[in-house]
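A.B. asks: Quick one: this structure, given as structure tokens, is what I'll be asking you about.
The values are calculated or read from the model by the stated rules, or taken from the named source; none is laboratory data. Keep in mind the model is a prediction, meaning the values are calculated, not measured. Counting neighbours? That spans all protein chains shown, and the Cβs are built from the backbone with ideal geometry, glycine included. The protein model used for the area step is the full one, side chains on, heavy atoms only, and it has no ligands, DNA or RNA in it. Shrake-Rupley method; radii C 1.70, N 1.55, O 1.52, S 1.80 Å.
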Amino acid sequence: MYDIIVAGGGVAGVSAAVAAARLGADVVLVERYGFLGGCTTAGLVNPFMTHETLDGKTKLVAGLFDEIKDRLKAYDGIMVNCFDPEVMKIVLLDMVLEANVTVKFHSLINETKDEKVYYEMEIINKSGKEILQAKRIIDTSGDGDVAYSLGADYEQGNKNGKPQAVTLMFDMAGVDLDKTLEYAKENPEEFLFPKWDANTDLEEIKTKAWSLAGFYSIIKDKKKDYKFPGDLLFFISRPENGIVTFNQTHSSVNSAVNIDDIIKAEIECRYQMIEIVHFVKNNIPGFENAYLLRSADHIGIRESRRIMGDYVFSEEDVSYSKKHEDCICRLAYPVDVHASTGEGYSKEEATKSVPIPARDDWYEIPFRSLKISKIKNLLVAGKCISATQGGHGAIRIIPACIATGQAAGTAFGICVRDSIKLENLDTNLLLKELRKNNALV
Ligand SMILES: Cc1cc2nc3c(=O)[nH]c(=O)nc-3n(C[C@H](O)[C@H](O)[C@H](O)COP(=O)(O)OP(=O)(O)OC[C@H]3O[C@@H](n4cnc5c(N)ncnc54)[C@H](O)[C@@H]3O)c2cc1C
């Protein structure tokens, strides 16, 4: 019998498991792959999105997020907010092993049953079926698989139930970045961003994280060769020399937990990827000798089940910069919801107005968004917490998933340490413990 099962080893799951184990809980973490990180590794997602106020003056997320960044740095695997996904796998593994978390890799969570004083989770792996028992579960599966299995209410997608389009991320290597960046500097009108000019120091840019979105006239001139979504190309820098990550493929799904939809999207996006590689090699300055380094192991799911908890975080929280007494994460990332239709990045889409906090302010995610009162001893963390589609569009970013994971793990860690029930947990005690561990709450 474990104290806590953490279901899913993305950044939220690792943060939850580590926070709870550091408080003395006996934690098992279940992950379907043989490594940790979820979207950040299997999904090749980069970089860490903004975790400061929009004026850049106030830092909003620290705690385990800062620790992960420091550890990436120690392995030389981070440049500002862009990180090496292979180093991320090592960093997260170090953290769970050092905290004495039991790791069940290559194990798919099947059904979870509520046996009243404990939960029974069936996992399936190469050894067959296995039953894990624990008094508490943190669902960090990204899809809310456990909460769903236990009968939690959930929502998916827009008002028609359709989620944001999915994306197969991929990396290209051998890029002559000097040439690519020089083109961006000389042709700012070709880009949505960045808007560099003659005074831009490219040597300095190369020491920072950057992304390019544009190449308008190349795309227009070569329209017949452009056989993939979007009317601009979008790729992101990486700490490794000559490597960039493409966030470009898009496929429309009816549900991110419908296996036929996911299979279709994996196939569609893989063929889009090959077209993109072909196009950039033939048309984009600096990509002449570049090659496809790797594709993500799993299609990138921006949005899946949103488990309905005690507080449903919404776009109004974002636009009114709402504050909460049980705040477990401060953030200022705008509402970012990709079209469900899968037409990809467009100039028009990127410039539309979205709910956004004031430049010097932030909004707060309450602990109640992680709690579902009708299901005792269950917390959700990461991208499946309780939110509307718009609210989710803001709080799905990596720093927030780490912070909600840390909060869920800390909450249950205190419950184990002090032998108390979740419903009796004093929020002030939780906040005090989070602050002690450098969370900015
Ligand atoms: C295409 C794309 C681009 C994005 N761009 C950015 C960006 O630029 N910056 C940013 O900050 N954020 C970005 N995001 C958002 C961010 O990456 C994710 O929301 C975040 O990483 C989610 O973390 P998580 O731990 O909640 O979930 P996940 O990373 O999805 O982790 C869930 C884990 O649970 C495991 N799992 C799931 N189901 C089961 C099961 N049944 N049994 C066992 N294991 C299971 C999975 O394998 C996975 O490891 C992007 C997301 C996508 C998809």
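A.B. asks: Report, to the nearest 10°, how far helix 177-186 tilts away from the longest principal axis of the Cα atoms in the chain, using its own Cα long axis and a range of 0 to 90°.
C.D. replies: Roughly 70 degrees between the two axes.
A.B. asks: If you don't mind, another one. Could you order 35, 287 so the one with the most accessible surface comes first? Probe is 1.4 Å.
C.D. replies: 35, 287
A.B. asks: Give me the percent of accessible area attributable to carbon and sulfur for the chain, probe 1.4 angstrom.
C.D. replies: Carbon-and-sulfur percentage of accessible area, whole number: 49.
A.B. asks: Then there is this: Tally the DSSP beta bridges in the chain and give the antiparallel ones as a percent, rounded to 5.
C.D. replies: The answer is about 70 percent antiparallel.
A.B. asks: Which order do you get for 240, 182 if you rank them by accessible area with a 1.4 Å probe, largest at the top?
C.D. replies: 182, 240
A.B. asks: Next up: Within 14 Å, Cβ to Cβ, of residue 35, how many net charges do the neighbouring residues add up to if Lys/Arg are +1 and Asp/Glu are -1?
C.D. replies: -1
A.B. asks: Could you list which residues have their amide H under 5 Å from that of residue 329, counting only those 5 or more apart in sequence or on another chain, with H placed in the peptide plane?
C.D. replies: Excluding prolines and chain starts, which carry no amide H, the hits are 365.
A.B. asks: A further question on this structure: Rank 353, 107, 373 by accessible area, highest first, at a 1.4 Å probe radius?
C.D. replies: 353, 373, 107
A.B. asks: How far is helix 85-98 tilted off the main Cα axis of the chain, in degrees rounded to 10, range 0 to 90?
C.D. replies: 20
A.B. asks: Let me ask you something else. Determine the per residue accessible area of segment 284-441 with all protein chains present and a 1.4 angstrom probe, expressed in square angstrom.
C.D. replies: In whole numbers, segment 284-441 has 39 Å² accessible per residue.
A.B. asks: What's the angle, to the nearest 10 degrees (0 to 90), between helix 398-418's Cα axis and the longest principal axis of the chain?
C.D. replies: Helix 398-418 and the main axis of the chain meet at about 10 degrees.
A.B. asks: Counting other Cβ atoms within 10 Å of each Cβ, which chymotrypsin sites (Phe, Trp or Tyr not before Pro) in segment 163-238 have at most 15 and sit in a DSSP loop?
C.D. replies: Sparse-neighbourhood loop chymotrypsin sites (Phe, Trp or Tyr not before Pro): none present.
A.B. asks: Let me cross-check residue 195: its accessible surface, 1.4 Å probe, with only protein heavy atoms counted, in Å² to the nearest 10?
C.D. replies: Ignoring ligands and nucleic acids, residue 195 comes out at about 130 Å².
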